[in-house]
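S.K.: Below you will find the structure I want to go over with you.
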Amino acid sequence: MALLQAILDWRLFELSGTPITVGSILTAITLVLISLVVSRLVQRLLARTMRSRQIAGTVPVMQRLVHYTIMLVGIGVAMDTLGIQLGTLFAAGAIFAVGLGFAMQNIAQNFVSGVILLIERTIKPGDILEVEGTVVRVIEMGIRSTLARTRDEEELIIPNAMLVQSTVKNYTLRDSLYRLRAPVGVVYDADMKLVFETLKTTAENLAWRKQMKDPLVLLTEFGDSSVNFEVSVWVDNPWQARQSMSKLHDAIWWALKDAGITIAFPQLDVHFDPPVTDSVRRLGGPVPVSA
């Protein structure tokens, strides 16, 4: 016992006037290991609690925050046990910290943004977003960045600061309803009442649309070559919006064809003045016909 006590009290060196012994080093190591064990236990308890409350999407981010916090406290206590004054250490490294702070400005910004997203929960794994014109599905949220997948199965790493500081559309924040708008133009000599009824009936008979929301048909514009309508329906899967839009266009196309209604296309009338036609006739060429 005396031998063990002598080994623990054996001075290795001094740090800021505090003797560093084998015992103090073992104590510091033990504190770090205890912090690691406590961190794992708290993470498991946190994951179980959050899943029971159906907020499992933010579990990984919250676990990392808890781990960093517990380990930071544990390492701080261990350093204090060794006689290292954290205040003195921070003061000595103040100049270095300032330079490092400028270099890590973006990282710190993204870290803080990640904490904000975690607290507000306006974006969660599984949400469908539109970021800078690209529709993505959130796969995983981290402290610094968010992993998302596009409709083309491309993986995007989005800095959290972008999600906090810019305007982001979240199609599934409160519900998954999404509105499809299909413009269509018909010729001016078409029966407009028939066009309206055909478009309305076609939209109402779509089995895949959201039945709780009525479709809407609007006459939007008297264009240069067509009378323009807009057909809008609601769907409950924004991720499949392109496929649903294709189905809507296909239904409108065949409905107008079956009703004998012509879908307009740009046309241009060209008229030739008499001097032009006379010149062509003298050259022996075919006389152009106004179209």
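The values are calculated or read from the model by the stated rules, or taken from the named source; none is laboratory data. Since this is a predicted model, take the numbers as computed values, not measurements. Note that each Cβ is placed from the backbone with ideal geometry, even for glycine, and that neighbours are counted across all protein chains shown. Protein only, heavy atoms only, side chains kept; ligands, DNA and RNA dropped before computing areas. Shrake-Rupley method; radii C 1.70, N 1.55, O 1.52, S 1.80 Å.
S.K.: Return the residues of the stretch 214-259 that are assigned to a loop (DSSP other than H, G, I, E, B) and within 26 Å of the chain's Cα centre (by Cα); say none if nothing qualifies.
M.R.: At the first step, the residues of the stretch 214-259 found to be assigned to a loop (DSSP other than H, G, I, E, B) are 214-215, 223-226, 236-237, 259.
Answer for the stretch 214-259, where residues must be assigned to a loop (DSSP other than H, G, I, E, B) and within 26 Å of the chain's Cα centre (by Cα): Asp236, Asn237.
S.K.: Of all the strands (runs of 3 or more DSSP E) wholly in the stretch 101-158, which have at least 3 residues that are open to solvent by 60 Å² or more (accessible area, probe 1.4 Å) and out of contact with any Asp or Glu (no Cβ under 7 Å at 6 or more places or on another chain)? Don't jump to the end; show me each part of the working.
M.R.: On the way: elements: 128-131, 134-141, 145-150.
Here the list reads 134-141.
S.K.: Any residue in the stretch 106-119 that is farther than 17 Å from Val138 by Cα sitting within a Cβ distance under 6 Å of a residue that is of a type in the set (Val, Ile, Thr)? List the pairs, counting only those 6 or more apart or interchain.
M.R.: Pairs that qualify, where the first residue is farther than 17 Å from Val138 by Cα and the partner is of a type in the set (Val, Ile, Thr), are Phe111/Ile143.
S.K.: Of everything in the stretch 234-267, what is free of Cβ contacts under 8 Å to residues at least 12 places away in the same chain and either over 23 Å from Val136 (Cβ atoms) or β-branched (Val, Ile, Thr) (or both)? Give them in sequence order. Reasoning before the result, please.
M.R.: Going residue by residue through the stretch 234-267, those that are free of Cβ contacts under 8 Å to residues at least 12 places away in the same chain are 240, 243, 246, 250, 253-254, 257-258, 260.
Answer for the stretch 234-267, where residues must be free of Cβ contacts under 8 Å to residues at least 12 places away in the same chain and either over 23 Å from Val136 (Cβ atoms) or β-branched (Val, Ile, Thr) (or both): Asp250, Trp253, Trp254, Lys257, Asp258, Gly260.
S.K.: Additional query: Do we find that Ala259 is in contact with a strand residue (DSSP E or B) (Cβ under 6 Å, 6 or more places away or on another chain), more than 30 Å from Ile128 (Cα to Cα) and among the small types (Gly, Ala, Ser) in this structure? Steps first, please.
M.R.: Values: in contact with a strand residue (DSSP E or B) (Cβ under 6 Å, 6 or more places away or on another chain): no; more than 30 Å from Ile128 (Cα to Cα): yes; among the small types (Gly, Ala, Ser): yes.
Answer is no for this residue.
S.K.: Let me spell it out: the conditions are (1) open to solvent by less than 70 Å² (accessible area, probe 1.4 Å); (2) assigned to a helix (DSSP H, G or I); (3) among the charged types (D, E, K, R), and Arg209 meets all of them except one. Which number is the exception?
M.R.: (2)
S.K.: Right, another one. Looking only at the stretch 184-201, decide whether some residue is among the basic types (Lys, Arg) and crowded, with 17+ Cβ neighbours inside 10 Å.
M.R.: First pass over the stretch 184-201, keeping only residues among the basic types (Lys, Arg): 193, 200.
Now restrict to residues that are crowded, with 17+ Cβ neighbours inside 10 Å: none.
No, the stretch 184-201 contains no residue that is among the basic types (Lys, Arg) and crowded, with 17+ Cβ neighbours inside 10 Å.
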